[in-house]
Amino acid sequence: MADALLIGGGGSTAVASEHLLVSLERLRRSSVTCATAARRLDPLTAATPGDRWNGTGAELAQAAAALGRESEALELLGGALRTAVDGYGWAESRARSWLEGAIAPVASTVGFLAGRLGLSLLPSVLPVVALAAGAWMLLPASSRDSLSRSSTAGVERFAGTLLDSPATTEALRLLATSVDDAVLGALGVPPAMLAAYRASGSGSVARTAGAVLGVGLLSGDRGRAPAAVARAAPPVAVAAPLGIADRVARIPDSAQPVRIERYPAPGGDRFEVYIAGTAGSAADGSPLVEGGEHPWDMSSNIALIAEHDSSSLQAVRQALADAGAGPTSPVVFTGYSQGAAIATLMAESGEYATSGLVTVGAPTGGIPVTGDYPAVVVAHDDDPVTALGGPQEITNAVVVTAPRGEGWREGDPVLAGHAIDAYRETAARVDASGAPLLSETIARLPDGRDGATGDALSYTARRLSGCDPRSGAGGLR
């Protein structure tokens, strides 16, 4: 059986097991029940006709007093438990901040040494590489194929075991904030300038991604290039979703990366938009070309983490306009991986009347939710992709971390913790949770309990400047 969900967010640094949160709610309810029972007994403590010594009333008064004491004791216990949870969250937050500050100078030193050692060792390494390549080419084709398969399987096994680990995910989350320090150290930036850079608060995952994006733009990267969408099929009838699992189940694949559902409402249509994760191949099944025609690539990922309008985000915006959504339209955004980053940025953009946000596998720790709408962020503790956005900043969203409790097994994908099928299973656990903070947030999401029906539209997308960067050709396809 999977371990309990860990629940945090809601504008607080506190993080607690769902079982602990359920216990806190039970303590609160028990305290209220005892206090209510004591108040109801109080009128019965008066003397009854024919009872000269009022024995019954005295017994009831004792019972009421005992219930009052129990109510106070339960309230104190709940308060102490809540204080402990808040204190643990505060201590964890402070420890994380200290670690980030301690890692930064180490990262810059490692970057400096790596840059210098790499250049000094290069003349020695190149001949060895050349000899290895020559020996490889002299092997029979059958031997090369066999070694290639064995090495590929070994690399997959090692990578899967390494990456499918909560410790790896947590380490990457901390290291993500120090990438800029390592790069600046490798470039030889003096320590005094690095210290001033850190003191200014300029270091962040978003700014690092912004720098990478800037370098990419200079070299012809198309992460922010214009995109266009087209309807993939006529509208189909659909019932409104219920909860988290129903929404996650409707997230499309990257071949048709945007799905929009519109539901008639008295004040105007409301919308649900579902956004796919990063594509593994081109729309026709061919290998994906970074910066090519398909907008759901790593070029768009970098732009999103830098909080820029990526090609994929532009495509979702166009799809919503095509479906009829405007600035006053209520929209619930649901996304996975890259789609989760798009969903978060669009929900926070103020371009729509956001009425909800659901994300799974999101690299959005540095993009907190500040709006007053129900938002649920779901992450696996062994999903390294969620660490790429850095540590989770204080957010109004309810953040659910699911311990999967499963090690990597033969046949699993390398990033087993990031698989959409695994998140679909976790989404059902989220809906079933009895933790008040989570269940109350889910209840605030628009749903189909009133039997609402609408229509669903699916969209394909392409990058308008999406010529193959390896071909040297320009123009549109």
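Is the range 227-463 best put as rounded, prolate or oblate by its Cα gyration tensor, with a ≥ b ≥ c the root eigenvalues, rounded for a/c under 1.5, and otherwise prolate when a/b is larger than b/c, oblate when not?
Rounded shape, in that the Cα axes give a/c under 1.5.
Points 7 angstrom from Cα along the Cβ direction at Glu440 and Ala65: gap in nanometres?
About 3.5 nm separates the two model spin labels.
For the range 29-46 and the range 349-391, write down the distance between their C-alpha centroids in whole Å.
The range 29-46 and the range 349-391 have Cα centres separated by 44 Å.
Calculated FRET efficiency, Ala95 and Glu425, Cβ-Cβ r, R0 35 Å, to nearest 0.05?
E between Ala95 and Glu425, to the nearest 0.05, is 0.65.
At a Förster distance of 45 Å, what's the computed FRET efficiency of Ser12 paired with Asp253, Cβ-Cβ distance as r, to 0.05?
That pair, Ser12 with Asp253, gives E of 0.80.
Give me the net charge for the shell around Asp246: Cβ to Cβ below 9 angstrom, other residues only, Lys and Arg +1, Asp and Glu -1.
Net charge around Asp246: 0.
What is the packing order of peptides 17-24, 251-258, 69-76, taking the mean over residues of other C-beta atoms within 10 Å and listing the highest first?
Ranking, from highest mean packing down: 251-258, 17-24, 69-76.
Within a 10 angstrom radius of the beta carbon, how do Tyr274, Tyr263 rank from fewest other beta carbons to most?
Arranged by neighbour count, lowest to highest, Tyr274, Tyr263 become Tyr263, Tyr274.
With each label point set 7 Å from Cα along the Cα-Cβ vector, what nm distance links Asp455 and Asp86?
5.2
Mind checking the full-extension length gain between Ala321 and Ala58? Use 0.36 nm per residue of separation minus the Cα-Cα distance, one decimal, nm.
Roughly 87.5 nm would be gained on extension.
Every read-out reported here was derived from the displayed coordinates using simple, explicitly stated rules and does not represent laboratory data. Keep in mind that this is a model prediction, so the values were computed, not measured. FYI the Cβ positions are ideal-geometry reconstructions off the backbone, even for glycines, and counts take in every protein chain you see.
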